[in-house]
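First the structure, in the form of structure tokens, and then the observations on it.
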Amino acid sequence: MSAYAQTHLAPYSSQAFEVRPFDAPLGAEVLNLDLSQPLNDEDFARVHRAHLDHGLLVFRDQRITPQQQIAFSRRFGPLQIHVLKQFLLSGHPEIFIISNIVENGQPIGLADAGKYWHSDLSYKELPSLGSMLLAQELPEEGGDTLFASQQLAYETLPAHLRQAVEGRRAVHSYTARYRDEVFSGVRRPTLTAAQLAEVQAVEHPMVRIHPETGRKGLFVNENFTTHILGIPEDESRQILAELFAHSARPEFIYRHQWQPHDMVFWDNRALIHLATGCPSHQRRHMHRTTIQGSAPL
């Protein structure tokens, strides 16, 4: 063995896993990969490439701890801490709890996350690169998540909409539809002054270039995008309404039907997503980590 090979020998054994694309506009499942074991550089590079190629990966049967989820997520970049601190996992603030479970009269997580199409944390100066959502407890019915390719959406824009978005910027705000998000009659918690200071509105280009693939995609969403800069309000509303309708056309969508211990890793720079919801009496409990991205270009 050469001195170079000895110096760069990966400390962990390679895993014989398979990446199987879905019969859908995006996404692939990853089979026979155990994320409780750290990946060597070669395996990690293969996962990274698959994520860029498919936009979304489903890691099947991941019986991993919060710390293992955090460690794997950090391989892709620094993690972002959600503004709703009351729903962070105790001892692991990097994990945001999405759950409709109530204990001692208090929700243990955010029940209505994803009621409107959105890209996670598009309301931040540095929006999310991607999110990893790990199923802890699944309902017997419902609970699917939809994902739509915003690169396909951009590439199929009608001429008048393409002209309307090129070179334009839009405002994103966490509070844009905050009061509209209600689950079984329960409203989201009131934000404190400190929390509001964390989520001040930001401006982003309406079309962004993916920093790793160079592919263009729409970067507006119905949950957080409030208006387009530099045009009249009524015109802004009309253009955004058309964009929101176009961005979620069926031919751009992959529908994820959750299986026990699935962990889904999606690219917020290329996709938007929507939670379809489940009956309120059906328990749903998920752990999410969110990876910080770069300023959209």
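Where residues in region 282-296 are among the basic types (K, R) and over 11 Å from the mean Cα position of the chain (by Cα), which of them is most open to solvent (accessible area, probe 1.4 Å)?
My answer is R283.
What are the residue pairs meeting all of these: first residue in region 131-142, first residue closer than 17 Å to H273 by Cβ, second residue open to solvent by 50 Å² or more (accessible area, probe 1.4 Å) and modelled with pLDDT under 95, Cβ atoms under 8 Å, and 6 or more apart or on different chains?
G142/T276
From the list D112, D53, D120, D61, which one is of a type in the set (D, E) and touching a Ser or Thr at 6+ places or on another chain (Cβ under 7 Å)?
D120
Condition (residue is among the charged types (D, E, K, R), touching a strand residue (DSSP E or B) at 6+ places or on another chain (Cβ under 9 Å), farther than 30 Å from D34 by Cβ and without any contact (Cβ under 8 Å) to a residue 12 or more places away in the chain) applied to region 197-217: is it met by at least one residue?
Within region 197-217, none of the residues are among the charged types (D, E, K, R), touching a strand residue (DSSP E or B) at 6+ places or on another chain (Cβ under 9 Å), farther than 30 Å from D34 by Cβ and without any contact (Cβ under 8 Å) to a residue 12 or more places away in the chain.
Residue-wise test of (1) assigned to a helix (DSSP H, G or I); (2) closer than 21 Å to S13 by Cβ; (3) within 17 Å of the chain's Cα centre (by Cα).
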position	(1), (2), (3)
F44	yes, yes, no
H51	yes, no, yes
I64	no, yes, no
I70	yes, no, yes
G77	no, no, yes
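Kindly indicate whether any position in region 117-124 is over 12 Å from the mean Cα position of the chain (by Cα) and under 16 Å from L274 (Cα atoms).
no
Just checking, which of Q200, Q238, Q195 is modelled with pLDDT of 95 or more and not aliphatic (A, V, I, L, M)?
Q238
Could you check region 19-45 and list, in sequence order, the residues that are open to solvent by 60 Å² or more (accessible area, probe 1.4 Å) and under 25 Å from N268 (Cβ atoms)?
The answer is R20, P21, D23, P38, D41.
Since E141 meets every condition but one in (1) under 14 Å from K115 (Cα atoms); (2) open to solvent by 50 Å² or more (accessible area, probe 1.4 Å), which condition does it not meet?
Result: E141 fails condition (1) only.
Contact list please: Cβ distance under 9 Å, first residue in region 244-258 and closer than 22 Å to V58 by Cβ and open to solvent by less than 70 Å² (accessible area, probe 1.4 Å), second residue part of a strand (DSSP E or B) and of a type in the set (F, W, Y), pairs at least six apart or on different chains.
F252/F147; I253/F147; Y254/F147; H256/F147
Can you name the residue in region 146-178 that is crowded, with 21+ Cβ neighbours inside 10 Å and hydroxyl-bearing (S, T, Y) and, of all such residues, is farthest from D120 (Cα to Cα)?
Y154
Which of the residues belonging to region 90-134 are part of a strand (DSSP E or B) and surrounded by fewer than 18 Cβ atoms within 10 Å (Cβ to Cβ)?
First, pick out the residues of region 90-134 that are part of a strand (DSSP E or B): 92-99, 102-103, 106-107, 118, 128-134.
Within region 90-134, H92, P93, V102, E103, Q106 qualify.
Given L39, L35, L79, which one is modelled with pLDDT of 95 or more and touching a Phe, Trp or Tyr at 6+ places or on another chain (Cβ under 6 Å)?
L35
The values are calculated or read from the model by the stated rules, or taken from the named source; none is laboratory data. Note that this is a predicted model, so its numbers are computed, not measured. Note: ideal-geometry Cβ built from the backbone for every residue, glycine included; neighbour counts use all protein chains shown. What goes into the accessible areas is simple: the full protein's heavy atoms, side chains included, and nothing from ligands, DNA or RNA. Shrake-Rupley method; radii C 1.70, N 1.55, O 1.52, S 1.80 Å.
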